[in-house]
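Q: The structure is given below, and queries will be raised subsequently.
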Amino acid sequence: MKKMKARRLLSALTAAVLAVTSLTSCGSGEAAEAGSNMLYVYNWGEYIDEETIELFEEETGITVVYDEFETNEVMFPKIDANPSQYDVICPSDYMIARMIGEDLLEPLDWDNMPNAKNNIGEEYLLQAEGFDPGNVYSCPYTWGTVGILYDSSRVDEPVTSWDILWDPKYKDEILMQDSVRDLYTVPLKMLGYSLNTLDEQELREATDLLIEQKPLVQAYVVDEVRDKMIGGESIFGVIYSGEAEYTREENENLEYVIPEEGTNVWIDGWVVTKASRHKENAMKWIDFMCRPDIALMNFEYIYYSTPNVAAMELMDEELLENEVLFPDLSQYDNLEAFDYLGEEGDALYFEYWKEVKSS
């Protein structure tokens, strides 16, 4: 897994090169024929080992144009406005449900994706049915939790609850997520409410808590939480479990905890757009990413837990016993997946979120 560190150092440059490639290529993509050897992929930032893209191109003869997004909420309007510009996307669970509901996705051809069909664990497919009944439209790629990353060398008391992020003695040492659903995970779970609540009184209470906390917050960030925590710029950060494990490799003082009040457990999955001009190539991509050696390469690069049981069989036992990457979720009874809340529900959360940001 040490190889990943060297790749990480190059990731920003690689992403920039890929972005330039996509800008110069997207125009031709609009006019591309369905049978051409092209594939347009839209994925989270730093969420794949670029070497696997090269291997896919070498083995299939398909040219990949690869773009990145930072949040589901950034990705969706772009796809909604022009559904044919990408063939394969990797949204999160609740956003997949939204895209299904808005008829933006193509059913997967599981019979022609043997790696996907045989290597994804049943428990993950079962979890995915919560947002994709029958596993018709999505193939799980990664999964994980949201929790607290903290510098154990600078914290004396046990870190067990979300409420430590409201302790005034840690003013300007707290990083919160700049993503509406992830941000609201924290106060809603503190208050004992569902992550999918549409009760305005409950959202009012959660918003008031966030406004109360705001003077203590150093910054609202997404990817930056990782680098800031590694560099010792903050003591606490709300973070995804895969990012947390990477930071722990870089800074031995960092620890990750799922707070006792509970949190979000999530799945990100590959989907194919209904308007895709390269559906066959898209299915090949998903199947390739589910091949055990390729899934292992991506796991070793991004550190996010894989649902690929064949890849797990290639891992050291020490990795499988890592409680950050592969926690025993049966010990918790207060974990939730995000649901798609509908346009009105999304708008409601965004209104409260804007109030927090502008206060």
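Q: Looking only at residues in the range 65-80 that are touching a residue at least 60 places away in the same chain (Cβ under 8 Å) and among the β-branched types (V, I, T), which one is most open to solvent (accessible area, probe 1.4 Å)?
A: T71
Q: Looking at T160, is it surrounded by 23 or more Cβ atoms within 10 Å (Cβ to Cβ), touching a residue at least 60 places away in the same chain (Cβ under 8 Å) and touching an Asp or Glu at 6+ places or on another chain (Cβ under 6 Å)? Spell out the reasoning first.
A: Working: surrounded by 23 or more Cβ atoms within 10 Å (Cβ to Cβ): no; touching a residue at least 60 places away in the same chain (Cβ under 8 Å): yes; touching an Asp or Glu at 6+ places or on another chain (Cβ under 6 Å): yes.
So T160 fails the test.
Q: Taking the condition of being in contact with a strand residue (DSSP E or B) (Cβ under 9 Å, 6 or more places away or on another chain) and at pLDDT 90 or above, how many residues in the range 324-355 meet it?
A: The total comes to 8.
Q: Another question, if that's okay. Could you please find all residues in the range 135-178 being among the aromatic types (F, W, Y) and either touching a Ser or Thr at 6+ places or on another chain (Cβ under 7 Å) or at pLDDT below 95 (or both)?
A: Once the filter is applied, which keeps residues that are among the aromatic types (F, W, Y) and either touching a Ser or Thr at 6+ places or on another chain (Cβ under 7 Å) or at pLDDT below 95 (or both), the range 135-178 yields only W143.
Q: Continuing with this model, one more query. Which residues, counting only those in the range 167-183, are in a helix (DSSP H, G or I), touching a helix residue (DSSP H, G or I) at 6+ places or on another chain (Cβ under 8 Å) and open to solvent by 30 Å² or more (accessible area, probe 1.4 Å)?
A: Let us first name the residues in the range 167-183 that are in a helix (DSSP H, G or I), namely 168-170, 180-183.
Subsequent filtering for residues that are touching a helix residue (DSSP H, G or I) at 6+ places or on another chain (Cβ under 8 Å) retains 168, 170, 180-181, 183.
If the condition is that a residue be in a helix (DSSP H, G or I), touching a helix residue (DSSP H, G or I) at 6+ places or on another chain (Cβ under 8 Å) and open to solvent by 30 Å² or more (accessible area, probe 1.4 Å), then P168 is the only one that fits.
Q: Another question, then. Looking only at residues in the range 131-145 that are in contact (Cβ under 8 Å) with a residue 60 or more places away in the chain and outside any strand (DSSP E or B), which one is nearest to V309 (Cα to Cα)?
A: The qualifying residue nearest to V309 (Cα to Cα) is S138.
Q: Okay, moving on. Tell me which residues, restricted to the range 44-64, are outside any helix (DSSP H, G or I), in contact with a Lys or Arg (Cβ under 8 Å, 6 or more places away or on another chain) and open to solvent by less than 40 Å² (accessible area, probe 1.4 Å).
A: D49, I62
Q: Any chance the range 328-351 includes a residue that's polar (S, T, N, Q) and either surrounded by 17 or more Cβ atoms within 10 Å (Cβ to Cβ) or without any contact (Cβ under 8 Å) to a residue 24 or more places away in the chain (or both)?
A: Checking the range 328-351: at least one residue is polar (S, T, N, Q) and either surrounded by 17 or more Cβ atoms within 10 Å (Cβ to Cβ) or without any contact (Cβ under 8 Å) to a residue 24 or more places away in the chain (or both).
Q: With the condition kept exactly as written, say whether any residue in the range 184-200 is outside any loop (DSSP other than H, G, I, E, B) and surrounded by fewer than 18 Cβ atoms within 10 Å (Cβ to Cβ).
A: yes
Q: Could you tell me whether the range 124-147 includes any residue that is surrounded by fewer than 19 Cβ atoms within 10 Å (Cβ to Cβ), among the aliphatic types (A, V, I, L, M) and closer than 16 Å to K279 by Cα?
A: Checking the range 124-147: at least one residue is surrounded by fewer than 19 Cβ atoms within 10 Å (Cβ to Cβ), among the aliphatic types (A, V, I, L, M) and closer than 16 Å to K279 by Cα.
Q: Still on this structure, please answer the following. Just one of the numbered conditions (1) out of contact with any helix residue (DSSP H, G or I) (no Cβ under 8 Å at 6 or more places or on another chain); (2) at pLDDT below 95; (3) buried (at least 18 other Cβ atoms within 10 Å of the Cβ) is not true of E224; which one?
A: Against the list (1) out of contact with any helix residue (DSSP H, G or I) (no Cβ under 8 Å at 6 or more places or on another chain); (2) at pLDDT below 95; (3) buried (at least 18 other Cβ atoms within 10 Å of the Cβ), E224 comes up short only on (3).
Q: List the strands (runs of 3 or more DSSP E) inside the range 229-292, counting only whole elements, that have at least 3 residues being open to solvent by less than 20 Å² (accessible area, probe 1.4 Å) and either modelled with pLDDT of 95 or more or not β-branched (V, I, T) (or both).
A: 236-240, 265-273
The values are calculated or read from the model by the stated rules, or taken from the named source; none is laboratory data. Since this is a predicted model, take the numbers as computed values, not measurements. We place every Cβ from the backbone using ideal geometry, glycine too, and count neighbours over all the protein chains shown. Accessible surface is based on the protein model in full, side chains and every heavy atom, while ligands, DNA and RNA are left aside. Shrake-Rupley method; radii C 1.70, N 1.55, O 1.52, S 1.80 Å.
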